[in-house]
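Peer 1: The structure is given below, and queries will be raised subsequently.
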Amino acid sequence: MAKPKVGVWSFTGCEGCQVEMLNCPEIMDLLDKVKVMRFPILEERDEKGKYDICFVEGAITTKEEEEKLKDVRKRTNFLVALGTCATYGGIPSIKNFLDEKKVEKTVYRNTSYLHSEKAEPLEKFIKVDYNMRGCPPDKDEFVRVFKDLLLEKKPKEPDFPVCVECRKKENPCLLEQGHFCLGPVTHGGCDAVCPSNEVMCHGCRGPLKDANIKREIEIFEKKGATSEDLKRILIKFAGEKFRTCDL
Amino acid sequence: MTKKLQLDHIAKIEGHARLNVKIEDGEVKEARMEVFESPRFFEAIVVGRSYEEIASMTSRICGICGPSHTTCCLQAIEKAFDVKVSQQTKLLRELLNIGGWIQSHALHLFFLALPDYVGGTSVLDLPARYSKHVKRGLMLKKLGNDIVTVIGGRDVHPMTAVPGGFSKLPTESKLQWLLQELKERKQEFVEAAAFWQKLKYPKFERKTEYFSLQKKNSYPLIDGHIRCFGEKCIQTKNYPRHFKEYLEPYSTAKFAVAEGKSYMVGPLARLNLNYKELSYNAKRALKTKTPIQNPFYNNVAQAVEMVWCVDRAIQILENLKLKDEQRPEIKPKAGRGYATVEAPRGLLFHEYKFNKSGCVLDSNIIVPTAQNLRQIEDDIKLLLPGILKLKKEKIVDQLEKLIRAYDPCISCSTHFLEVEGLP
Ligand code: SF4
Ligand code: SF4
Ligand code: SF4
């Protein structure tokens, strides 16, 4: 059987997702089982033709990126949005909520030839077959999904909150201690790595579909969060998902 | 006759960039590094944010040097609020950054730069006899990952380093394990340096100025004063007033110059300024006399620095008596704070202005690659005339190799250059 053709694409992000892929201990064995068509930080071989699997990192910020993404989608059988920039817009999407002209002026004094466009998730433009959330994504999840795809099995996205893994590890609860931990409403699958290191979950894996965000906001308010605090907490990795929240 | 040479998309570097060259009658009139990566406006998105969260945000500037951005950001915050951190915190931060250097240098040397010197288009199709070197590279990289994970909680965008110290300390047993691993693998670092030293580098030299931090009795990492090495060094007391950043209409990245001139930052600059502070093994690993003015030797400098990294990490771990300590209390106040660290690719500068409750009013971040871009252009202007007679592919290879030797932030490094207008 011919090896599946795999491609990695990178739009607007920090490339940490690609780095995390390379950090998987078994990465060389995994790449051996496929034909790597392109992997931007390693090589840029063939861009043309069809792909069986593509991993797409980064948010979409320009018309060019949007066109390229649509083209990649057409040529790809199974497309994975890799990391939070790709699944939600990530940190770059914070600027979607700021005054554009002001944003440009802060960084570049003369902005006549520079434009700040919105950073959008892939799903805004195309159908995504698997959302691999996380900034960076979790190595175990990456390996599991990769292996599933090699077996032509449809991988399953984690659908439980961070709290589940956090409680299993018997971490002291930061929310109970008065910190604004987003664990209860955030997609798990990261082994609750932040609360396990005594840092509250800042929601890098985005809100669960049926999460009771209203209740979480009430809890935060009871603990003294102002509406400015709430905006800061929610508009970070997946701000677009909270646009409709009443803050 | 005017000829144009365009290298579209320089691969195996970080970010998206291309090179545009204009040649008139055999003379290079123009060499432009055009960075067309979408700007992410980090300096603007931290505005209005609390000092407690900006380090986790600026870490996302780069997936490779997160520890450097985090540390630099934290030190700027602490400076603004007059927070003194403990000696233990300083040592743990050093370890975190040593891990970051190893991660970054190993990735660049063995995954991105190696094909330039031994053939093959990428690390995935190197000649078979080099596979043991790639394996070694992976192992060294993993050690870097292990250090960052033990100290920082995760190998990419670590989260335990916070204002005043660490949210959680590593366990004694993990530190012991790390020490054991490093001692066992130490020789591999020495051999890697010997390997990089043996490769053939193009003959090319250009006098320029080198900037790096300098600190008494130690190789520079997360603190020190800025020093310069070169013909007419500028005074750097008031960095960054001397370092001007400016924009070119053809690029979304900022360029930096020191009093109008290009300069180099990074491993070679550090080595040229701080050779005598290297560890014994690192000094022995370097077979070339400093100062080294050949930018291709930046690769050798990285390999030598990795030897220093492992020696220094072992030294810290052997002497560290971990104690559970309280983080100093932080009282935000209005004012400015700035800090410089040596990121893997060179001098990194963060500056913030805060209001009285500790929210950011204004910020300025100068990254190493911005400082090296003009330097790369100037090198190309000198390198190109001497190789114009070569075949097109050879010219492209040589230019890419030079650009990559600078390890410009990782996203675009592969063999990809489209060339126009060459004979
Ligand atoms: S999701 Fe995070 S790690 Fe991945 S590219 Fe975006 S900022 Fe970097
Ligand atoms: S610390 Fe956060 S993630 Fe853990 S149980 Fe409490 S709320 Fe949930
Ligand atoms: S704990 Fe929260 S912030 Fe941390 S990795 Fe998991 S989802 Fe992301």
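Peer 1: Would you please give the residues with an amide H less than 5 Å from that of residue B:30, counting only those at least 5 places away or on a separate chain, with H modeled from the backbone geometry?
Peer 2: Here B:22 satisfy the definition.
Peer 1: Test of understanding: in a Gaussian network model of chain A with alpha carbons linked when under 10 Å, which of A:65, A:57, A:120 would top the mean-square fluctuation ranking?
Peer 2: A:65
Peer 1: Here is a further query. Using 30 Å as the Cα-Cα cut-off, could you pick out the over-long pairs in B:132/B:174; A:127/B:392; A:95/A:223?
Peer 2: A:127/B:392
Peer 1: Using modelled backbone amide H atoms (1.01 Å from N, in-plane), which distant-in-sequence or interchain residues come within less than 5 Å of residue B:162's amide H?
Peer 2: Sorted by chain and number, the residues that satisfy this are B:167.
Peer 1: Follow-up question, since we're still on this one. Past 18 Å, Cα to Cα, is the threshold; run A:118/A:241; A:48/A:70; A:35/A:139; A:139/B:135 against it and keep the listed order.
Peer 2: A:35/A:139; A:139/B:135
Peer 1: Further question on the same structure: Looking at the protein assembly as shown, what % of the alpha carbon pairs are farther apart than 45 Å?
Peer 2: Every Cα pair in the protein assembly as shown considered, those over 45 Å come to 14 percent.
Peer 1: Let me ask something else about it. Find the sum over both chains of the accessible area lost when A and B are paired, probe 1.4 Å, and report it in Å² to the nearest 100.
Peer 2: Chains A and B together bury roughly 4600 Å² of accessible area.
Peer 1: Got a sec? Charge dipole of the protein assembly as shown, +1 on Cβ for Lys and Arg, -1 for Asp and Glu; which of B:358, B:373, B:295 is way out at the positive end?
Peer 2: Positive-end residue among those listed: B:295.
Peer 1: May I ask for the Kirkwood hydrodynamic radius of the range A:5-150, worked out over all distinct Cα pairs and given in angstroms to one decimal?
Peer 2: 15.8
Peer 1: Same structure again: For the range A:162-245, take the convex hull of the Cα atoms, compute a quarter of its surface area, and give me that in nm², please.
Peer 2: 5.0
Peer 1: So for the range A:177-220, considering every pair of alpha-carbon atoms, how many percent are separated by more than 11 Å?
Peer 2: More than 11 Å apart: 64 percent of the Cα pairs in the range A:177-220.
Peer 1: For the protein assembly as shown, report the accessible area per residue in Å² (1.4 Å probe, heavy atoms, rounded to an integer).
Peer 2: Here the per-residue accessible area is 41 Å².
Peer 1: Still on this structure: Report the FRET efficiency, 1/(1 + (r/R0)^6), for residue B:293 and residue B:200, where r is their Cβ-Cβ distance and R0 is 25 Å, rounded to 0.05.
Peer 2: Computed FRET efficiency for residue B:293 and residue B:200 comes out at 0.90.
Peer 1: Let me ask something additional. Using C-alpha positions alone, give me the convex hull volume of the range A:1-55 per residue in cubic angstrom.
Peer 2: For the range A:1-55, the hull spanned by Cα atoms encloses 79 Å³ per residue.
Peer 1: Average the reciprocal distances over every distinct pair of alpha-carbons in the range B:60-102, invert the result, and give the Kirkwood radius in Å.
Peer 2: That comes to 10.9 Å for the range B:60-102.
Peer 1: Which entries of B:200/B:261; A:222/B:353; B:200/B:401 show an alpha-carbon separation above 23 angstrom in the structure shown?
Peer 2: B:200/B:261; A:222/B:353
The values are calculated or read from the model by the stated rules, or taken from the named source; none is laboratory data. This structure is a prediction, so every number in the text was calculated from the model and none was measured. Cβ coordinates were reconstructed from backbone atoms using ideal geometry, including for glycine residues, and neighbour counts include every protein chain displayed. These accessible areas exclude ligands, DNA and RNA; they are computed on the full protein's heavy atoms, side chains included. Shrake-Rupley method; radii C 1.70, N 1.55, O 1.52, S 1.80 Å.
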